[in-house]
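See below for the structure under consideration.
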Amino acid sequence: MEELPIKRLILIVEENLDHARLIERALAEQAQRQIVVMPDGEQAMQFLHRQGAYSDAPRPDLILLDLNLPGKTGIDILGEIKRDANLKRIPIIILTLSRSESDILRSYELQGNCYVVKSTDSEQLFHIVKRIEEFWLGIVTLPLE
């Protein structure tokens with residue numbers, strides 16, 4: 001008997017609305033995807049900690065995290081998540097415009113699962129996100145909780 005596909009929740013933490021929409025559109029082509037977009041690190045952490053309006057929020061299976069966020073930076077968020085025993089197993093893909101070697105090194109030091117530089121070309125970015133989806137949600141076996 002064939003197993004039914006698991007509906008996966010993807011949290012996108014992205015302040016650039018155009019990028020967020022494009023990433024969401026690329027991921028939404030698969031029916032078994034639930035996508036949540038947070039425009040800043042504060043809201044993302046409230047969602048992850050199930051605080052306030054997010055008290056019933058499900059745990060994400062994958063996080064796409066931009067580094068360039070208002071308030072808390074993506075590096076701050078990455079560090080907070082990886083220090084939290086309840087969240088640290090969630091794979092975090094850094095998806096950012098930054099090509100800074102220090103950002104790349106710091107992301108891996110804080111246990112980011114991979115670092116991908118976004119293209120400024122929307123068609124290229126769409127294809128990058130599709131490749132991320134293929135690998136992380138098609139090939140990799142993710143923990144259920």
Next on the checklist: Being in contact with an Asp or Glu (Cβ under 8 Å, 6 or more places away or on another chain) and touching a residue at least 12 places away in the same chain (Cβ under 8 Å) is the requirement here; does Glu14 meet it?
Outcome noted: yes
Checklist entry - List pairs: first in segment 119-131 and within 9 Å of Leu22 (Cα to Cα), second surrounded by fewer than 11 Cβ atoms within 10 Å (Cβ to Cβ), Cβ under 8 Å, 6+ apart or cross-chain? => result Ser122/Asp18
Checklist entry - Among the strands (runs of 3 or more DSSP E) confined wholly to segment 1-119, which include 2 or more residues that are under 19 Å from Glu134 (Cα atoms) and out of contact with any Leu (no Cβ under 8 Å at 6 or more places or on another chain)? => result 114-117
Item to check | Residues of segment 100-118 classified as touching a residue at least 24 places away in the same chain (Cβ under 8 Å) and either surrounded by fewer than 17 Cβ atoms within 10 Å (Cβ to Cβ) or of a type in the set (Asp, Glu) (or both), total | outcome: 2
Checklist entry - Which residues, counting only those in segment 17-40, are among the small types (Gly, Ala, Ser) and at pLDDT below 95? => result Ala26, Ala28, Ala31
Checklist entry - Out of all the residues in segment 18-35, which are of a type in the set (Asp, Glu) and either in contact with a strand residue (DSSP E or B) (Cβ under 7 Å, 6 or more places away or on another chain) or over 14 Å from Asp121 (Cα atoms) (or both)? => result Glu24, Glu29
Next on the checklist: If I filter segment 17-69 down to residues being free of Cβ contacts under 8 Å to residues at least 24 places away in the same chain and polar (S, T, N, Q), which single residue comes out as farthest from Gln111 (Cα to Cα)?
Outcome noted: Ser55
Item to check | Sole residue being at pLDDT 95 or above, surrounded by 14 or more Cβ atoms within 10 Å (Cβ to Cβ) and over 14 Å from Leu11 (Cα atoms), chosen from Gly74, Gly79 | outcome: Gly79
Item to check | Candidates Leu67, Leu97, filtered to the one that is within 20 Å of Leu125 (Cβ to Cβ), of a type outside the set (Lys, Arg), modelled with pLDDT of 95 or more and surrounded by fewer than 18 Cβ atoms within 10 Å (Cβ to Cβ) | outcome: Leu97
Checklist entry - Looking only at segment 68-91, which residues are within 11 Å of the chain's Cα centre (by Cα) and closer than 20 Å to Ser119 by Cβ? => result Gly74
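The values are calculated or read from the model by the stated rules, or taken from the named source; none is laboratory data. If you're wondering where the values come from, they're calculated on a predicted model, not measured in any experiment. Please note: Cβ atoms are built from the backbone with ideal geometry, for glycine as well, and neighbour counts cover all protein chains shown.
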